[in-house]
Amino acid sequence: MGIRFILMVNKQGQTRLAQYYEWLTLEERRALEGEIVRKCLARNEQQCSFVEHRNYKIVYRRYASLFFLVGVDNDENELAILEFIHLLVETMDRHFGNVCELDIMFHLEKAHFMLEEMVMNGSIVETSKANILSPIQLMDKAS
Amino acid sequence: MNPFSSGTCLRDMIRAIRACKTAAEERAVVRKECAAIRSSINEDDQDYRHRNLAKLMFIQMLGYPTHFGQMECLKLIASAGFPEKRIGYLGLMLLLDERQEVLMLVTNSLKQDLNYSNQYIVGLALCALGNICSAEMARDLAPEVERLLQFRDPNIRKKAALCSIRIIKKVPDLAENFINCAASLLKEKHHGVLITGVQLCADLCKVSSEALEYFRKKCTEGLVRTLRDIVNSPYSPEYDISGITDPYLHIRLLKLLRILGQGDADASDRMTDILAQVATKTESNKNAGNAILYECVETIMSIEDDGGLRVLAINILGKFLSNRDNNIRYVALNMLMRATTLDAQAVQRHRATILDCVKDSDASIRKRALDLLYLLVNDNNVKPLIKELIEYLEVSDQEFKGDLTAKICSLVEKFSSEKIWYIDQMLKVLSEAGNFVKDEVWHALIVVISNASDLHGYTVRALYRAFLTSTEQETLVRVAVWCIGEYGDMLVNNVGMLDIEDPITVTECDAVDAVEVAIKRHTSDLTTKAMALIALLKLSSRFPSYSERIKGIIVQNKGNVVLELQQRSIEFNRILQKHQKFRSALVERMPVLDEATFSGRRAGSLPTAISTSSGAPSNLPNGIAKPATAPIPDLLDLSSDDVPAPSSSGGDFLQDLLGVDLSPTPAPSGADMPPKASTDVLLDLLSIGMPLPVQTGLSASDILSSSQDDKAPFVNFNGLASLSSLSANATSPANAAPMMDLLDGRGPGPQKSEENGQAYPSLVAYESSSLRVMFNFSKQRGSPQTTLIQATFTNLSSNVYNDFLFQAAVPKFLQLHLDPASSNTLPASGDGSITQNLKVTNSQHGKKSLVMRVRIAYKTNNKDVLEERQINNFPQNL
């Protein structure tokens, strides 16, 4: 399955963006988010970016006040996912221009569109920023 | 415009929610917004639909239920404009999941959209389909998706490819249709399509083996060529990430090559060149490069290969290990675990580095390093390694101690060449981290101690010393108390001194003091106190001069609120007062516990790749009965080669224990491999599922009292005698009793092996003086593997049985289904019976016959009774 979910969480533990590629009920999601966020936020800079939780791995990275967490299967390449997180951030940066947490919050649907262009059904689709952003830019122009 | 509809736009709502200071405020705001949205939906308001949906998405992300918005999604999808459709599909993917029936309504819209002229809309539909389609939708829309796989626009093709992945996952039968298209996708130039095409092929190979064959034959060359192109390609600004062109594509290609090469020498041959090239030429100073190297190493490890590439791979891993970045080290440790199976020698070279990683400050790395180290231990390096690990145990932090202790204990047990070294190490571990040591570990220790008869003196002295220093480690106290009780005379008389020991003088008073401390400490728990009481009784016979003092201590517990302790103290007191004559016979030295029957226990978390042989913890015949410490997955992981026969040596041994002859029987202290006593394994299976927690102390006394009811007074006393000569509670004699019945031949009838056609004889599964269980068999038409059993329980005693509960457990190659029983009250003297239906499916029908372990629990005369037994004599061809 590859990627199971992608979360963006701020330092206080509030979820800013959540995209799940496998179905979990609302209670499960909240519980999961709470557990994972607690684990990741408690770690310091020196520690490894990979956390094992239940039967999958979480790869996380911190950018300013926002944590990007990606839950993946056990057989997925963690370093590649780390790169993917960086690619995601760069893409959003190019679109929003110096993206910050507020940008994601107030333009949640755009962030989702971008993410959808990049990941579908748990697998990475497109890694070229130009290709990802072109449909979104078109849509912005149209509306 | 409806006066009730929310006038706020999305931004304002978000601002309002952010401004809330407390959770209650936030809930109020959300509730207001939801109400506004709901009324707007009821009004069927066109203008603000997409705004409402965006709000709903935000609210759902916060965790509030939003199912009332689902129909809105559908309406939006059905509308004509692109923005509406966009939001509609987004909402669909976020708010709904494949199990909802509402999804079926979307199928038609999706079909239309898939055929739309505007390619963006087609893309949208594909995206949505790819994320949440269900099996029926997949079947309906598969032909459309296939057609789109050959669309002119690469965007559509890549989305169609990912959509196909989902379809074949949901409906594996459709996989054949996609094979050809997928193969053509592999020849693409566009990276997006290529990456998705590769993924599609990978998933096809996983789903269907003929796809795997096809790809292996036709596409390996092409893939190798593509990978070479990518590796050698010049700088391309679109896909470049820190100097490497499209690392994701690299990695995916490597993954697919891995799938194709696994198990096939031919394909692996063709890949060796390119793998070597990737491994050597990729720069490793950037994370992207390291990611590619990691994937490459994984592929090399998995394909059939000669040594050359493997050496290269392990060198790369070695370099990773010394990298300062934690992530890289973590990844390297992971891979090394897999490499150990293939080439242990090479990994040994890095042992020192791995040992350092165990002490690293990062928890993930520590855990991985410990697992890896566990695999690397062999006879040569076990001693220094254990020494290091025990030293580290002292300074490690609490969460890690549990893991570390478990690993050390299992290692020590596996590699213990001499008993004295084993006992030494275990003592150290107990003194350091006794509270983390699992029950079966110290049970095993006691077994070993009792077997090492020449070391008894040494052991008890060492324990005494350790006991004086670290009394807060509970398990240490228990083991020490047991040993002091057992071998107290050796302790006092300095029997069997070894050269390496320092002389120590322990008077009888000191020994009794020690045990008294164990009882009096308020941190001692029930088990320890119970063991201490028994130890005192033994000491009273070994040190007759101290009887009075010991009696005084025991008497203090007469009024204890805990039933077990009270019972013990009263009984022992009686023994001391009235029955001096056979007191010494009662508490003679324990017969040596048979190591062979004490089948090995499973160590702490073993890596799944390497699982050593084991059964689950057995019922230590005279230790404290085990239950549920082993994790459930381990227990259920019974190998299907288990021979379901009670180990006969165990049977004899128990018989001797409980027999009138209480002199110590020299048991075969064999170091032979413990036979896989699957009886005990199954027993644990049941104990996990028990409704009543098996309290080590209390249930024993219950069972004891109930069994006492049944037996004659003399036998009563014998039962008591054997109880007191056992160091702890007596779940086992009660368990042994049914086993003895089995061995005495009073058990189930002879194995009926005559089969005529489909008729199977009914079986008296279990019969005792109080209960009879009969099984009637029948087979379902057309499914010879499934047997329907009707179990009939008849009460043969004169008391009514209430709360009758029948449980059964089977090994892994069988599947069991229990229907509810007809009632749970069993009238007395066979006046009525309870029936219960079971269905057993035998996956090894014809090769193995059925075996089942059953547990029957009921209440009679206000006492709980528990009976367990194994049924082995099912007819052969069930």
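The values are calculated or read from the model by the stated rules, or taken from the named source; none is laboratory data. Only a predicted model underlies this, so the values are computations on that prediction, with no experimental measurement involved. Neighbour counts are summed over all protein chains in view; Cβ atoms, including those assigned to glycine, are modelled from backbone coordinates with ideal geometry.
Tell me, yes or no, whether the range B:738-754 has at least one residue that is charged (D, E, K, R), over 30 Å from B:LEU586 (Cβ atoms) and modelled with pLDDT of 75 or more. There is no residue in the range B:738-754 that is charged (D, E, K, R), over 30 Å from B:LEU586 (Cβ atoms) and modelled with pLDDT of 75 or more. Checked against the criterion of being at pLDDT 80 or above and closer than 30 Å to B:VAL278 by Cα, the candidates B:LEU141, B:LEU194, B:LEU148 yield just one match: B:LEU194. Within the range B:68-84, does at least one residue satisfy the condition of being within 14 Å of chain A (Cβ to nearest Cβ), surrounded by fewer than 24 Cβ atoms within 10 Å (Cβ to Cβ) and within 19 Å of B:CYS163 (Cβ to Cβ)? Looking through the range B:68-84, none of the residues is within 14 Å of chain A (Cβ to nearest Cβ), surrounded by fewer than 24 Cβ atoms within 10 Å (Cβ to Cβ) and within 19 Å of B:CYS163 (Cβ to Cβ). Per this entry, A:ARG62 is counted among residues that are more than 11 Å from chain B (Cβ to nearest Cβ), part of a strand (DSSP E or B), basic (Lys, Arg) and more than 25 Å from B:LEU10 (Cβ to Cβ). The listed residues are B:GLU210, B:GLU221, and the only one of them that is within 37 Å of the chain's Cα centre (by Cα), of a type outside the set (Gly, Ala, Ser) and more than 14 Å from chain A (Cβ to nearest Cβ) turns out to be B:GLU210. So, B:LEU53, is that one surrounded by 23 or more Cβ atoms within 10 Å (Cβ to Cβ), at pLDDT 75 or above and either more than 9 Å from every other protein chain (Cβ to nearest Cβ) or within 20 Å of B:ILE17 (Cα to Cα) (or both) or not? So B:LEU53 fits the description; yes.
All conditions in (1) within 12 Å of another protein chain (Cβ to nearest Cβ); (2) over 30 Å from A:LEU88 (Cα atoms) hold for B:GLN262, with the sole exception of (1).
Of the helices (runs of 4 or more DSSP H) lying entirely inside the range B:331-378, those containing at least 1 residues that are surrounded by fewer than 16 Cβ atoms within 10 Å (Cβ to Cβ) and more than 14 Å from every other protein chain (Cβ to nearest Cβ) are B:344-348, B:351-358.
Against the condition at pLDDT below 75, in contact with an Asp or Glu (Cβ under 6 Å, 6 or more places away or on another chain) and surrounded by 17 or more Cβ atoms within 10 Å (Cβ to Cβ), how does B:VAL492 come out, does it pass? Yes; evaluated as a whole, the condition is true for this residue. The single condition among (1) closer than 16 Å to A:PHE5 by Cβ; (2) within 12 Å of chain B (Cβ to nearest Cβ) that A:ASP75 does not meet is (1). Does B:GLN100 fit the bill of being within 11 Å of another protein chain (Cβ to nearest Cβ) and under 19 Å from B:GLY192 (Cα atoms)? Taking the combined requirement at face value, the residue does not satisfy it.
Residues of the range B:228-259 being more than 10 Å from every other protein chain (Cβ to nearest Cβ), closer than 18 Å to A:SER128 by Cα and touching a residue at least 40 places away in the same chain (Cβ under 8 Å), which ones? Correct list: B:VAL231, B:GLY243, B:LEU253. Against the conditions (1) closer than 23 Å to B:LEU129 by Cα; (2) surrounded by fewer than 19 Cβ atoms within 10 Å (Cβ to Cβ); (3) within 14 Å of another protein chain (Cβ to nearest Cβ), B:SER184 satisfies every one except (3).
Restrict the check to the range B:299-311 and report whether at least one residue is at pLDDT 80 or above, in a helix (DSSP H, G or I), under 26 Å from B:HIS190 (Cα atoms) and of a type outside the set (Lys, Arg). Checked the range B:299-311: at least one residue is at pLDDT 80 or above, in a helix (DSSP H, G or I), under 26 Å from B:HIS190 (Cα atoms) and of a type outside the set (Lys, Arg). When the residues of the range B:136-177 are filtered to those that are of a type in the set (Asp, Glu) and surrounded by fewer than 17 Cβ atoms within 10 Å (Cβ to Cβ), which remaining residue is farthest from A:ARG4 (Cα to Cα)? Ranking the candidates gives B:ASP153 first.
Okay, residues lined up against (1) more than 7 Å from chain B (Cβ to nearest Cβ); (2) farther than 22 Å from B:ALA54 by Cα; (3) surrounded by 22 or more Cβ atoms within 10 Å (Cβ to Cβ); (4) free of Cβ contacts under 8 Å to residues at least 12 places away in the same chain:
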{"position": "A:HIS53", "(1), (2), (3), (4)": "yes, yes, no, no"}
{"position": "A:ALA80", "(1), (2), (3), (4)": "no, yes, yes, yes"}
{"position": "A:HIS95", "(1), (2), (3), (4)": "yes, no, no, no"}
{"position": "A:CYS100", "(1), (2), (3), (4)": "yes, no, no, no"}
{"position": "A:ASP103", "(1), (2), (3), (4)": "yes, no, no, yes"}
{"position": "A:HIS107", "(1), (2), (3), (4)": "yes, no, no, yes"}
{"position": "A:GLU117", "(1), (2), (3), (4)": "yes, no, yes, no"}
{"position": "A:GLY122", "(1), (2), (3), (4)": "yes, yes, yes, no"}
{"position": "A:LEU138", "(1), (2), (3), (4)": "yes, no, no, yes"}
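Here B:LEU826 passes the criteria (1) surrounded by fewer than 18 Cβ atoms within 10 Å (Cβ to Cβ); (2) more than 20 Å from B:SER762 (Cα to Cα); (3) out of contact with any Pro (no Cβ under 9 Å at 6 or more places or on another chain); (4) not polar (S, T, N, Q) except the one numbered (1). When we screen A:VAL89, A:VAL70, A:VAL9 for residues that are more than 9 Å from every other protein chain (Cβ to nearest Cβ), outside any strand (DSSP E or B) and either within 17 Å of the chain's Cα centre (by Cα) or closer than 30 Å to B:LEU129 by Cβ (or both), the only hit is A:VAL89.
Being out of contact with any Ser or Thr (no Cβ under 9 Å at 6 or more places or on another chain) and in a loop (DSSP other than H, G, I, E, B) is a property that B:ALA80 has.
Screening B:LYS187 against (1) in a helix (DSSP H, G or I); (2) closer than 22 Å to B:ILE274 by Cβ; (3) not acidic (Asp, Glu) leaves a single unmet condition, (1). Please determine, by comparing only the residues of the range A:25-40 that are over 17 Å from A:LYS57 (Cβ atoms) and not charged (D, E, K, R), which one is nearest to the chain's Cα centre (by Cα). Within the range A:25-40, the match that is nearest to the chain's Cα centre (by Cα) is A:GLY34. Can you name the residue in the range A:124-136 that is part of a helix (DSSP H, G or I) and aliphatic (A, V, I, L, M) and is also nearest to the other protein chains (Cβ to nearest Cβ) among such residues? Result: A:ALA130. Checked against (1) surrounded by fewer than 16 Cβ atoms within 10 Å (Cβ to Cβ); (2) over 26 Å from the mean Cα position of the chain (by Cα), B:SER431 passes all but a single condition, namely (1). Flag: B:ASN323 does not match the condition of being within 14 Å of chain A (Cβ to nearest Cβ) and modelled with pLDDT of 80 or more. Could you tell me whether A:GLN19 is facing chain B (nearest Cβ under 10 Å), assigned to a strand (DSSP E or B) and either touching a residue at least 40 places away in the same chain (Cβ under 8 Å) or surrounded by 13 or more Cβ atoms within 10 Å (Cβ to Cβ) (or both)? The answer is yes for A:GLN19.
Would you point out the residue of the range B:287-318, among those that are of a type in the set (Ser, Thr, Tyr) and under 15 Å from B:ALA332 (Cα atoms), that is nearest to the other protein chains (Cβ to nearest Cβ)? Looking at residues that are of a type in the set (Ser, Thr, Tyr) and under 15 Å from B:ALA332 (Cα atoms), I get B:TYR294. Just one residue in the set B:ILE37, B:ILE59 is within 14 Å of chain A (Cβ to nearest Cβ) and assigned to a helix (DSSP H, G or I); that residue is B:ILE59.
Mind listing just one residue for me: the one in the range B:15-33 that is within 14 Å of another protein chain (Cβ to nearest Cβ) and either hydrophobic (A, V, I, L, M, F, W, C) or on the phi > 0 side of the Ramachandran plot (or both) and, of those, surrounded by the fewest Cβ atoms within 10 Å (Cβ to Cβ)? Here the answer is B:ALA23.
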